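Report on the structure given below.
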């Protein structure tokens, strides 16, 4: 009976620490997502192309379907360069 109590207590400790570690990881991921979104929002709203470069992959493209159902591919760097400073 005493062994069962010790095993139960040990499991509670292990499971409790694992849950805490996952919570810290989620908080870290949420912080990174928030930071990325703020770079995008502030960079677009305030004309800060350098902030937009932090958000996107250097080789990203934008894809648009036209009214004629064809695919138009635009350069991501061109998109960022159209954002004027200020």
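Looking only at the range 32-86, count every residue that is over 17 Å from the mean Cα position of the chain (by Cα), in contact (Cβ under 8 Å) with a residue 40 or more places away in the chain and outside any loop (DSSP other than H, G, I, E, B) and tell me the total.
0
Tell me which residues, restricted to the range 48-70, are touching a strand residue (DSSP E or B) at 6+ places or on another chain (Cβ under 8 Å) and more than 13 Å from residue 81 (Cβ to Cβ). Before you say what the answer is, go through the steps one by one.
Within the range 48-70, the subset touching a strand residue (DSSP E or B) at 6+ places or on another chain (Cβ under 8 Å) is 61-66.
Within the range 48-70, 61, 63, 64, 65, 66 qualify.
Rule-based calculations on the coordinates, nothing more; no lab input. All values reported here derive from a predicted model rather than from experimental measurement. Methodologically, a virtual Cβ is constructed for each residue, glycine included, from the backbone with ideal geometry; neighbour enumeration extends over all protein chains shown.
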